[in-house]
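Submitted below is the structure of interest, expressed as structure tokens.
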Amino acid sequence: LAVQDLLYHRTARAIAEHAQKLRKHVRPQKDITKVVSKPAPLRLPGMAGTVAQMLPKLLVLPLRSVFSITLFMLYKVWLNPYIRAAPTDPKHVQVWMQAFRLMLCVKLWLMTMHVIMPICGICSKWLLIGRYTEGTHGMWGGMYVRWWLVDVLLDICGRGPFKDFLPLYYWLLGAKIGRGVSIDASAKICEFDLLTFGDGAIVGPRATVRGFRVGCSQMVLQRIRVGEQAEVCVGSIVVPGHEVPDGCHIGPQSSSHDTVQGPPPHRYGAILDPNCFLKYAVGYPLGILQTVLMHMPTVMLLIVLSKGNWSATTLDSVWLEFAHPKCILILTLAKICGSTLTPILALAVAIIIKRLVLGRFVPGKQAGQWASLQSWLLHWMLNGGGLVREVSSLFGAHFQATSWIYRALGAKIGERIYWPGTGIAFYEFDLLEVGDDVVFGSRSRIICRSDDTCKPVKIGAGAMLADHCLLLPGSSLGRNCMLGSGTIGPEDWTFAPGSTWVGSQHGRPLQLPPVAGSQQLKPFGRAFHKREANYFVWPLSFHVLFNFCWAPLADSGEKQIYLLILLAVAKTGRFIPAEHFLEYLFFVALSVHVLHAMAWMGFDLATEQLIIGTRVPGRYNWDESSYCQRWLLRRIFQKSSRGVISCMRGTPLLCSWFRACGAHIGRGVCLYPTGTDLMMT
């Protein structure tokens, strides 16, 4: 059944009758895959496997916290005899020397962790799995648990410096990599021993190439081959067991079920490097300037921190120095600056550099190196689009503050637009035009440039883009046009006003019957901007104030863990003998991680009940019900526990968590084993 069949035939009986008609005209085909999974009896997760899946939270993350902070302390002890001012030097010289030593310790610490963690991830893969082999394995069995541990540990360890040498990284993990292979950093590559990339193969942005799937209550591992000079384009998926033949390609937003002969006519989404002269003479100096300016508030706080008496020469004494209340207060202020002022300054500098140095993107052929520098430098300064998302979330990601940011970057933006909380990934801002009352779903992508040409993308007033849409250069959406989830907008494609489209088949969207009664002014615009709702709608000022106050608390990552560990050491560390200090630190880190996770999960459950309550089926338009407003507030609170919940993906604990949130889930269910950017709400 195709996706449009499910939309044309809306009941189970209609779908069954349609399937019977199709069955008479379809010839049986030989299965493409080599490994066929047969129905298996339901297998429930065991206690040993569940305990093993708790190890990343109970063992790996506490060990990483202790190792990370201890490494920083050791650098401070080692550098103390070599970088210090003389006792006779003026006070300001001593302060600056201490500040320089502290910043050097931070840099060395970050660089060391940047290198060590990916190596630990690679070693964990070979120790736990060895080599992946084709076959079927029972869900919740030993192979599944080991596969899951490797998948999670690689996420925790990251790719570090290998991000710029991805073919080498994946080769170290067991993949067969030919010469001249290009893999985008945003592509999802896993089950490495089962993957073969021929000479000159290309894997584009947000593509997925992994040999894992679930079928008939079993875990299935199958080989994948991307042939020589073959290409997996932006947003596409290679299905386990499939092959992309030599010289073929999978079009944008497609799958290996729809492989096309020959190379793609254009390449979309790839960020091309400019020549070395522009990169080193213009790009890197401007990027370093942005980095220096954005971290100035934090550097000033470190200078204040350096005014203290830093004379410790042993590991435990350095820990106790940093656990001083004044030091913890300054580090807390530094964390608040990092969550609020730092991203705002970074975006402000990026906007100024874009306006004064890089200039506007213009439609037409892009033959020179300057156009490559524009895209490359903006991608770097905006952190792949994450910086815009981070700043807009401080002002209310869905509201007009996001429009102000995109206008400052050069886009033509209308009024009363509902923006996605995940942001939109694009960089050719001057080529985007968005009309009034447009509604965006999450995780969509807009590309205004192919490998050699820039074309504008226009979204008409009242249009709607659902989740995971992809618009290619030159695409244009008419007034009140509607694109369903996963819809592709091909290059130079025009969507008629009022039309409805969904999906991608042979590189083209599928048209559905138009939705009756579609209006330009959406319920969101009527409620939030026109103030025509039957309840009180919180104004933009409330969202800005709330997000600014909540942002430091919502950042529940490593920095928050480090501060809590320092607080615990400040209370109890002075009573611990030096010879047992490392064991004490691990116990403190373990306790902090567990209590931190329990606190945020308890807070998440409490806000779920207080803000949302029990959901009942029905329509909840912005201008008729306060549910959408309360749901947005709930999503902001939910960000705080996202890191904790993501560690439970693919485990029985996640099912228990969603049951506690009100979901009805049966036995032996496995949710999000490979992870996801957004879980169900």
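Anything in the range 649-664 that is open to solvent by 20 Å² or more (accessible area, probe 1.4 Å), outside any helix (DSSP H, G or I) and touching a residue at least 12 places away in the same chain (Cβ under 8 Å)? List them, or say none.
As a first pass, look at the range 649-664 and keep what is open to solvent by 20 Å² or more (accessible area, probe 1.4 Å): 652-653, 656, 659-664.
From what is left, the residues that are outside any helix (DSSP H, G or I) are 661-664.
Within the range 649-664, CYS661, GLY662, ALA663 qualify.
Here is a further query. Restricting attention to the range 302-325, which residues are touching a residue at least 40 places away in the same chain (Cβ under 8 Å), out of contact with any Lys or Arg (no Cβ under 7 Å at 6 or more places or on another chain), not aromatic (Phe, Trp, Tyr) and not in a loop (DSSP other than H, G, I, E, B)?
Matches in the range 302-325: LEU302, ILE303, LEU305, LEU315, ASP316, PRO325.
When the residues of the range 388-421 are narrowed to those that are aliphatic (A, V, I, L, M) and closer than 21 Å to VAL234 by Cβ, which ends up surrounded by the most Cβ atoms within 10 Å (Cβ to Cβ)? Walk me through how you get there before you give the answer.
Step one: list which residues in the range 388-421 are aliphatic (A, V, I, L, M), which gives 388, 391, 394, 397, 401, 405, 408-409, 411, 413, 417.
After this cut, where a residue has to be closer than 21 Å to VAL234 by Cβ as well, the list is 388, 411.
Values: VAL388: 24, ALA411: 20.
Per the stated criteria, the residue is VAL388.
Which of the following residues is among the aliphatic types (A, V, I, L, M) and surrounded by 19 or more Cβ atoms within 10 Å (Cβ to Cβ): VAL214, VAL260, VAL238?
Matching residue, one of VAL214, VAL260, VAL238: VAL238.
Please enumerate the residues belonging to the range 485-509 that are among the polar types (S, T, N, Q), over 13 Å from SER254 (Cβ atoms) and open to solvent by less than 80 Å² (accessible area, probe 1.4 Å).
Within the range 485-509, SER485, SER499, THR500 qualify.
When the range 163-175 is examined, which residues are found to be closer than 20 Å to LEU128 by Cα, touching a strand residue (DSSP E or B) at 6+ places or on another chain (Cβ under 6 Å) and open to solvent by 20 Å² or more (accessible area, probe 1.4 Å)?
Result: TRP171, single match.
Okay, moving on. Please state which one of ARG445, ARG389 is under 20 Å from THR494 (Cβ atoms), at pLDDT below 95 and either of a type in the set (A, V, I, L, M) or within 17 Å of the chain's Cα centre (by Cα) (or both).
Only one candidate qualifies: ARG445.
Only residues that are open to solvent by less than 50 Å² (accessible area, probe 1.4 Å), of a type in the set (Val, Ile, Thr) and over 13 Å from VAL60 (Cα atoms): list them for the range 120-162, please.
ILE122, ILE129, VAL145, listed by residue number.
Quick one: which helices (runs of 4 or more DSSP H) lie wholly within the range 510-629 and hold at least 2 residues that are of a type in the set (Phe, Trp, Tyr) and open to solvent by 30 Å² or more (accessible area, probe 1.4 Å)?
Where helices (runs of 4 or more DSSP H) fall fully within the range 510-629 and carry at least 2 residues being of a type in the set (Phe, Trp, Tyr) and open to solvent by 30 Å² or more (accessible area, probe 1.4 Å), they are 540-554, 581-607.
Then there is this: Collect the residues in the range 233-256 that are in contact with a Gly (Cβ under 6 Å, 6 or more places away or on another chain) and part of a strand (DSSP E or B), keeping them in residue-number order.
VAL244
Test CYS190 against the stated conditions and say whether it is in contact with a Ser or Thr (Cβ under 8 Å, 6 or more places away or on another chain) and without any contact (Cβ under 8 Å) to a residue 60 or more places away in the chain.
no
Consider the range 635-648. How many of its residues are open to solvent by 20 Å² or more (accessible area, probe 1.4 Å) and either within 14 Å of THR607 (Cα to Cα) or not in a loop (DSSP other than H, G, I, E, B) (or both)?
Residues meeting the conditions: 8.
Separate question: If THR196 satisfies every condition in (1) in contact with a Cys (Cβ under 9 Å, 6 or more places away or on another chain); (2) of a type in the set (Ser, Thr, Tyr); (3) in a strand (DSSP E or B) but one, which is the exception?
For THR196, the failing item is (1).
Another question, then. With respect to GLY283, is the statement that it is in a loop (DSSP other than H, G, I, E, B) and open to solvent by less than 40 Å² (accessible area, probe 1.4 Å) true?
Considered against the rule, which asks whether it is in a loop (DSSP other than H, G, I, E, B) and open to solvent by less than 40 Å² (accessible area, probe 1.4 Å), GLY283 comes out as no.
On to the next question. Every residue in the range 132-173 that is β-branched (Val, Ile, Thr) and assigned to a loop (DSSP other than H, G, I, E, B), please.
Residues of the range 132-173 β-branched (Val, Ile, Thr): 133, 136, 145, 150, 152, 156.
Answer for the range 132-173, where residues must be β-branched (Val, Ile, Thr) and assigned to a loop (DSSP other than H, G, I, E, B): just THR133.
Considering only residues of the range 432-475 that are polar (S, T, N, Q) and touching a Phe, Trp or Tyr at 6+ places or on another chain (Cβ under 7 Å), which is surrounded by the fewest Cβ atoms within 10 Å (Cβ to Cβ)?
Of everything passing the filter in the range 432-475, SER450 is surrounded by the fewest Cβ atoms within 10 Å (Cβ to Cβ).
Here's something else I'd like to know. Condition first: touching a helix residue (DSSP H, G or I) at 6+ places or on another chain (Cβ under 7 Å), surrounded by fewer than 17 Cβ atoms within 10 Å (Cβ to Cβ) and in a helix (DSSP H, G or I). Now tell me which residues in the range 72-91 satisfy that.
LEU74, VAL77, LEU79
What residue, of ILE351, ILE328, ILE288, is free of Cβ contacts under 8 Å to residues at least 40 places away in the same chain and either open to solvent by 10 Å² or more (accessible area, probe 1.4 Å) or on the phi < 0 side of the Ramachandran plot (or both)? Outline the logic, then answer.
Values: ILE351 fails: free of Cβ contacts under 8 Å to residues at least 40 places away in the same chain; ILE328 fails: free of Cβ contacts under 8 Å to residues at least 40 places away in the same chain.
Checking each option against the conditions leaves just ILE288.
For the range 92-107, state whether one or more residues are modelled with pLDDT under 85, open to solvent by less than 40 Å² (accessible area, probe 1.4 Å), touching a strand residue (DSSP E or B) at 6+ places or on another chain (Cβ under 7 Å) and farther than 30 Å from MET139 by Cα.
Checking the range 92-107: not a single residue is modelled with pLDDT under 85, open to solvent by less than 40 Å² (accessible area, probe 1.4 Å), touching a strand residue (DSSP E or B) at 6+ places or on another chain (Cβ under 7 Å) and farther than 30 Å from MET139 by Cα.
Let me ask another. If you go through the range 265-280, how many residues are assigned to a loop (DSSP other than H, G, I, E, B) and either among the hydroxyl-bearing types (Ser, Thr, Tyr) or open to solvent by less than 30 Å² (accessible area, probe 1.4 Å) (or both)? Lay out the reasoning, then the answer.
Going residue by residue through the range 265-280, those that are assigned to a loop (DSSP other than H, G, I, E, B) are 265-275.
Narrowing the set further to residues that are either among the hydroxyl-bearing types (Ser, Thr, Tyr) or open to solvent by less than 30 Å² (accessible area, probe 1.4 Å) (or both) leaves 268-269, 274.
Qualifying residue count for the region: 3.
Identify, by number, the condition in (1) part of a helix (DSSP H, G or I); (2) touching a helix residue (DSSP H, G or I) at 6+ places or on another chain (Cβ under 7 Å) that ARG360 doesn't meet.
(1)
Shifting gears a bit: Would you check which residues across the range 358-412 are among the β-branched types (Val, Ile, Thr) and more than 17 Å from THR422 (Cα to Cα) and list them?
Listed by number, the list holds a single entry, VAL362.
Taking the range 422-444, which residues are under 25 Å from SER236 (Cβ atoms) and touching a residue at least 40 places away in the same chain (Cβ under 8 Å)?
THR422, ALA425, PHE426, TYR427, GLU428, LEU431, GLY441, SER442, ARG443
The values are calculated or read from the model by the stated rules, or taken from the named source; none is laboratory data. Keep in mind the model is a prediction, meaning the values are calculated, not measured. Positions of Cβ are generated from backbone atoms using ideal geometry, with glycine treated the same way; all protein chains shown enter the neighbour counts. Keep in mind that these areas ignore ligands, DNA and RNA; they rest on the heavy atoms of the full protein, side chains included. Shrake-Rupley method; radii C 1.70, N 1.55, O 1.52, S 1.80 Å.
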